[in-house]
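A short reminder: the numbers here are calculations on the coordinates, not readings from a lab. Given the structure is predicted, the values throughout are model-derived calculations rather than measurements. Ideal geometry is used to build each Cβ from the backbone, glycine not excepted, and the neighbour counts take in all protein chains shown.
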Amino acid sequence: MNKFMKLGGLTIIAILAFAACDDDDNNSPVDPVDDDKNYVSFETGSYWIYESQEYEDEGGPTGNEPKTIDSTVIANAGDMFNGKTSFRYDSYVQDENGEYPSEPTSTNYYAEEEGDIFIFSDVINARLAADATADIFDLTIPDGWLQIKNTSSNEWEIQTVDIENTTIPIGQFNVTVKDGKFTLKGMNGSSETISVEGADLTTTKQIMTFELTANADPGIGETVPVVGSTTYTIWLNEDNGIVKTEFVPFTVSATGFGDIYSQPGTVSLATKIQVTATAAE
């Protein structure tokens, strides 16, 4: 076991507690570059503190939403995980008393290979579970690496999962979904400057789109299209890693029946960064 992990949850919390004391106008993709910069490959003990907000409006937070503090620490760097040299990111969310839990609130794995970046499917499945998509459509992304940065293509398909013979609520009826698909696609986005601790950081946006399409028969003599889409964006800086993330609100609707359900978006922005880079694989 990694030496850092042997220190236990209280030491992680102490590190984070000490550290705590101490709109997009251009979505056009940039030309792909063949680089080997460090974006997610950092030494064990590197950490970020984020300020996070949930919001309902697709235009983004209004500024009045409650904020939470999410502290993320690299708990294991460079171990093999599912066939790739990985970096384990453990996140701890403060409670209403400003205290961190002894165990991670969530864990994500990242890998970096010659400029290409991958995230393990757990982070997407956690989101699908949080916004009820996984439960309603009996949907799970298979375990595996999902590419979120691509040095050889501006746009690419990441994963497609079939949705079939699943019952969903539409109006007062429970109907069976036919020919359903949930598709993840990736895109290299434009650059953006974000200020953290008074420093202007140039970031590259990596965008993952979620597209849900299906047909359902509510018993009216014809099938009804069911659609939904959202995006997950990660803002990366080559020296400071993940500066910002955002899931935009996700609404699934059925033609003639309106929205089936809608879930808020979440945006997280780094307020403190303390990292040590390791050689990118």
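Of the residues Asn125, Asn108, Asn76, the single one that is assigned to a strand (DSSP E or B) and within 24 Å of Gln159 (Cβ to Cβ) is Asn108. With the condition kept exactly as written, say whether any residue in the stretch 139-160 is within 30 Å of Ile220 (Cα to Cα), out of contact with any strand residue (DSSP E or B) (no Cβ under 7 Å at 6 or more places or on another chain) and not small (Gly, Ala, Ser). Yes, there is a match, as at least one residue in the stretch 139-160 is within 30 Å of Ile220 (Cα to Cα), out of contact with any strand residue (DSSP E or B) (no Cβ under 7 Å at 6 or more places or on another chain) and not small (Gly, Ala, Ser). If the condition is being outside any strand (DSSP E or B) and closer than 16 Å to Ala129 by Cβ, then the stretch 245-271 contributes only Pro264.
Condition check ((1) of a type in the set (Asp, Glu); (2) more than 28 Å from Glu157 (Cα to Cα); (3) over 17 Å from the mean Cα position of the chain (by Cα); (4) crowded, with 17+ Cβ neighbours inside 10 Å) across all residues:
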| site | (1), (2), (3), (4) |
| --- | --- |
| Ser190 | no, no, yes, no |
| Glu197 | yes, yes, yes, no |
| Pro218 | no, yes, yes, yes |
| Thr230 | no, no, no, yes |
| Trp235 | no, no, no, yes |
| Lys244 | no, no, no, yes |
| Val252 | no, no, yes, yes |
| Tyr261 | no, no, yes, no |
| Gly265 | no, no, no, yes |
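Between Thr85, Thr133, the distinction of being surrounded by 15 or more Cβ atoms within 10 Å (Cβ to Cβ), over 30 Å from Val226 (Cβ atoms) and among the polar types (S, T, N, Q) belongs to Thr85 only. Give the residues of the stretch 227-281 that are among the polar types (S, T, N, Q) and under 24 Å from Glu43 (Cα atoms), sorted by residue number. Across the stretch 227-281, the qualifying residues are Thr233, Asn237, Asn240, Thr245, Ser268, Thr271, Gln274, Thr276, Thr278.
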